[in-house]
Structures are given as C-alpha cells and as structure tokens.
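Single-structure report; data block below.
No value in this document is a laboratory result; all are computed from the given coordinates. The model shown is predicted, which means the values in this text are computed figures rather than measured ones. All Cβ positions, glycine included, derive from the backbone under ideal geometry; neighbour counts span all protein chains shown.
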Amino acid sequence: MLKTSLTFVGIAFIAVVLADLEVSTQHPWLEMGRMVEGVFTPELSVIWEFKASLLNTAIFALCGTFLGVILGIGLAFFFQFLPVRLFCAFIRAIHEIFWAFIFLPIVGLNSICGVLAIAIPYAGIFAKVYAEIIQESDQQPLEGIPKDTHRLSRFFYGVLPVIYADTKHYTAYRFECALRSSAILGFIGLPTLGYHLETFFKEGMYSEVAALLIVFYFLIASLKYWLKPRLVPVYVVLAFALLSREISLSWENVARFFTYEILPWPMRRQGIHDGTYTVSFVLIPVLEWVKAIWLDEAWEGIWKTIVLTQIVLVGTGLFSLFVFPFACRHFAGKVTNRIWHYLLIIVRTTPEYILAYIFLTLWGPSMLPAVWAILLHNGAILAFLSSNNADLVQLRIDAPFKRIDRYFYEILPRVYGQFLAFLFYRWEVMMRESAILGILGIYTLGFYIHSAISDDQIDKAMLLILFTAILNMGIDSISQVVRRRLKISTKLSIAS
C-alpha cells in the first residue's frame with residue numbers, strides 16, 4: 001500500500017509542476033472580506049421569495065432518484081452480463097450537467113430535462129452498487145430455498161431481507177447527492193436553487209447567497225427526520241404530481257436530434273448547404289473531422305482533466321488524513337469532535353460546483369479554484385467516513401498515550417486500507433468533477449463541451465462527451481484494478 005501511495009504522490013507532484021495554478025485576480029482578499037461579511041449577515045427574507053426554487057430542487061431530486069432506483073434495480077438483475085456492465089459504466093461516466101446538455105435540445109429547458117439528467121447516470125450508479133451489495137451479501141438464506149424456485153421469489157425471500165439495510169442507507173445517501181445535483185443544475189438555467197445562486201454570485205450579493213446556502217444545508221441536515229421509508233412513496237407521488245407540466249416535447253424534435261443533429265458535420269454539410277437536409281456517408285471527411293477536434297480541443301481538454309484529477313486525488317487523500325483525527329473520538333474531546341463533525345458535514349454538503357464558483361471569484365480562471373473545490377468537497381467526505389471508521393477501532397491496552405504516536409502506530413495502520421479503498425472509489429467521481437468544472441472557464445473537457453453547445457455544434461459536443469465517458473470508464477477500470485491488487489474493499493469493516 002505504501003508503494004502504491006508514493007507512486008500516486010509522485011504522479012501528483014509532476015502534475016502540480018505542469019498545472020496552471022496562478023491567481024489572476026487583483027484584490028482577492030477584498031472579495032473574500034465581502035463574502036465573509038455576507039456569511040454573517042444572511043438576507044433571510046429571500047428564502048420565502050425563492051421557495052419555489054427550493055421546492056423544485058427537492059422535486060427534481062425525488063423524481064430523478066426514484067427513476068434511477070427503478071432502472072437501477074432492473075439493470076442490477078442482469079449486471080453479470082458484460083454489455084449491461086459496460087452500458088451502466090457508460091451512462092454513469094457522464095456527469096449530470098452533461099446529461100442536461102444532451103437533453104436540452106430534445107425536451108427544452110424544463111423539469112423533464114432536470115429529472116432525466118439525474119435519473120440516467122443514477123441508474124448506472126444504482127445498478128453497480130446494488131449488484132455489488134447482492135454479490136457481497138450473506139448467501140446462507142438461499143440454501144433453505146428450493147433450487148427450482150422462481151428467481152424473483154428467491155430474491156424477495158432469500159436476498160432482499162439480507163441487503164435491505166445496506167440498500168436503504170445507500171439510497172438515502174444517493175438522494176442527498178441528488179439534492180446537490182439538482183441544486184447545481186440551476187447554474188445552467190433550470191429553476192432550482194443554483195439558478196439564483198449564480199445570479200447572486202455574479203452581482204456580488206453574498207448575503208443572499210448565504211441565506212440560500214443556509215436553507216440548502218438545513219434541507220439536507222433535516223433528511224434524517226423526514227426521509228422515512230414508510231413516507232417515501234407519499235413523497236414520490238407528490239413530487240410527480242407537483243412536477244411542472246410546462247413541457248414542450250416534440251417527437252419530431254426527438255427524432256431529428258437522434259437521426260440528424262448529432263451526426264458529424266461532414267455527413268450533413270452538403271444537405272444543409274443545398275437545403276435538402278440529406279445525409280452523406282463520407283468516411284474520410286468524418287475521420288478528418290474527428291482528428292481535427294481531437295488535435296485542436298479534445299487532447300488538451302483530456303490532458304488537463306487528467307492533470308487536475310491526479311492533483312486532487314492526492315490532495316484529497318492528504319487533506320483527509322490530516323483532518324479526520326479532529327473528528328475522531330480517539331484524538332479529540334467531545335466539543336472539538338462535534339465541531340469538526342458538523343464542519344465536515346457542511347463542506348461535504350456544499351456542491352463542488354458552488355465551491356469552485358466561490359474560488360473562481362476570488363482567484364480567477366485557473367486550475368487553482370477547481371483543485372480546492374474538488375479537494376475540499378471530496379476531502380470532507382473521506383475525512384467524515386474515515387473518522388467514523390476510526391471510531392469503531394477498539395484501542396489495545398498498550399496503545400500509545402501520545403496522540404501523534406497513537407495516530408501513526410495504532411489508528412492509521414488499521415484504517416489505512418479502508419481509507420485507500422474509499423479514495424480510489426472516489427477517483428472516478430473526481431474525474432467527472434474535473435471535467436464538468438470546465439464550464440466555469442477552466443480548460444478541462446467541460447470548457448470545450450460548453451463552448452460547442454454555446455455555438456450550437458451539437459455533433460461536436462456529443463463527440464467530446466463521448467471522450468469524457470471513455471476517459472471516466474478508463475479511470476474506473478484502473479481504480480478497480482488497483483483496489484483488487486491491494487485487496488481492499490469499500491465495504492466498511494475494521495479488524496479488531
């Protein structure tokens with residue numbers, strides 16, 4: 001494990017040398033002061049004014065998660081087949097905002113766009129996680145069921161009771177993630193909290209920003225009180241009932257999008273020029289078109305996305321290792337423990353897109369805002385998980401008394417394998433986040449995708465999104481190989 005860790009640290013060091021991490025703003029501390037002032041003087045009156053956006057944030061998340069669960073369960077039953085695994089890997093490799101960009105030309109900027117943008121990638125995520133939970137579950141109950149019993153009956157009587165708790169907890173966590181995804185979809189124009197957050201950020205109205213973030217934190221912090229399994233069906237029915245009906249869906253537009261607009265420009269050029277809108281099957285011009293996009297945009301976007309990802313992967317690890325003791329009972333008192341516990345919840349609850357927006361305002365459009373946004377968001381998640389994991393450790397009688405010795409010689413060796421498992425499990429997520437933050441002006445793949453969509457070049461955008469998906473699938477495969485070689489699993493367990 002140490003050799004693997006040092007290898008990744010070395011790669012990250014090279015990436016730091018190659019990265020653009022400069023601060024380009026003139027007076028970052030002045031803007032920081034205005035932000036801090038806004039945090040301590042929240043304009044709470046805007047909460048009621050934008051209650052519809054808060055409601056939409058919850059509705060999009062509920063509907064998207066519900067559809068993702070239904071589709072994910074269906075795919076999980078067939079996850080052992082390679083085509084299904086590859087399909088799930090592909091759809092989850094594309095970030096929710098990229099899915100929203102794909103659906104925009106088809107359904108328009110409306111609620112269906114937001115719900116589908118969450119549901120499709122979540123279906124792939126749920127399929128993978130549910131299949132892994134089933135695979136790792138206790139198989140003994142199945143031994144008491146006759147072999148010729150129908151597959152569904154075997155599942156409901158021999159598998160579901162065993163996996164129910166794990167699937168319930170993971171689905172609740174994924175709904176929390178869906179709330180964050182729903183909020184940031186507002187940054188591209190959908191009527192959620194992110195729409196108003198972007199407006200307030202651009203206008204420097206930080207008291208209003210603080211108020212909306214406070215209500216968002218409260219929404220997520222209150223989940224454990226109102227998100228009860230027996231009430232979920234009621235919430236889902238209400239969410240679909242309240243979903244906006246203002247949808248301008250045209251099947252003609254859908255057919256045109258999939259059969260014409262996403263085709264490479266060389267195949268449509270002649271038909272558009274002569275007004276016939278015919279398709280030309282020209283292989284060489286299409287290959288030249290792909291080559292030009294690869295050389296001019298995709299290669300640079302991929303390279304910078306990888307550089308950024310490797311920096312934040314190691315940065316997240318170092319941040320988590322440094323911070324988690326402050327929230328662990330073996331190192332901190334009850335007061336300090338609680339304070340850091342809630343601080344980590346706040347940071348992990350804040351979407352990385354919003355953190356990047358804040359840092360971009362302070363430092364300008366380099367990789368630095370993206371590094372700190374992804375690092376803090378994922379670092380808080382890993383520190384939170386690692387502290388909970390470390391709390392389960394029962395100290396030996398001869399455990400070191402000094403905290404630094406206890407950390408290095410008692411706790412860290414016993415949680416490090418689990419920590420690496422979580423870190424590499426988040427690697428794919430960090431890659432998606434690195435790509436999507438290009439929308440804010442950082443030259444990762446998202447920058448070129450956003451530029452193509454802004455120029456109404458849907459075919460180019462789809463090709464770049466395809467490159468993004470392939471890149472994420474590659475990282476996910478490497479992550480799985482690393483975890484298998486190190487014999488580590490994300491399943492929470494502590495050796496006594």
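For the stretch 472-482, 3J(HN,Hα) computed residue by residue from phi via the Karplus equation (6.51, -1.76, 1.60; θ = phi - 60°) reads 5, 5, x, 5, 4, 5, 4, 4, 5, 5, 4 Hz, glycine and proline entered as x. The fewest-to-most ranking of Glu31, Glu49 by surrounding Cβ atoms within 10 Å reads Glu49, Glu31. Other residues with beta-carbon under 13 Å from the beta-carbon of Tyr260 carry, at +1 per Lys or Arg and -1 per Asp or Glu, a net charge of 0.
Binning the C-alpha pair distances of the stretch 44-249 at 10 Å intervals from 0 yields a P(r) profile of 8, 31, 32, 19, 8, 2, 0 %, listed from the shortest bin outward. Take every Cα pair under 8 Å whose residues are at least 6 apart in sequence, average their separation, divide by the length of the chain, and the relative contact order is 20 percent. Going by neighbour counts of Cβ atoms within 10 Å, the residues Lys51, Lys128, Lys304 line up, fewest first, as Lys51, Lys128, Lys304. Using the Cβ of Phe408 as centre and a radius below 14 Å, the other residues enclosed give a net charge of +2, where K and R count +1 and D and E count -1. Taking the stretch 403-436 and a reference point 7 angstrom along Cα→Cβ of Thr4, the backbone N atoms nearer than 18 Å belong to 412-431. Sorted fewest first by neighbouring Cβ atoms within 10 angstrom, Leu231, Leu223 come out as Leu231, Leu223. For the chain, a simple Cβ point-charge model (Lys and Arg +1, Asp and Glu -1, everything else neutral) yields a dipole of about 1880 debye relative to the Cα centre. In straight-distance terms, cross-link reach from Lys304 covers every one of the aspartates and glutamates whose alpha-carbon lies under 14 Å from its own, apart from those fewer than eight places away in the same chain; here that gives Asp20, Asp296, Glu433. Our summary gives the stretch 44-249 a relative contact order of 33 percent, counting only alpha carbon pairs under 8 angstrom and 6 or more residues apart.
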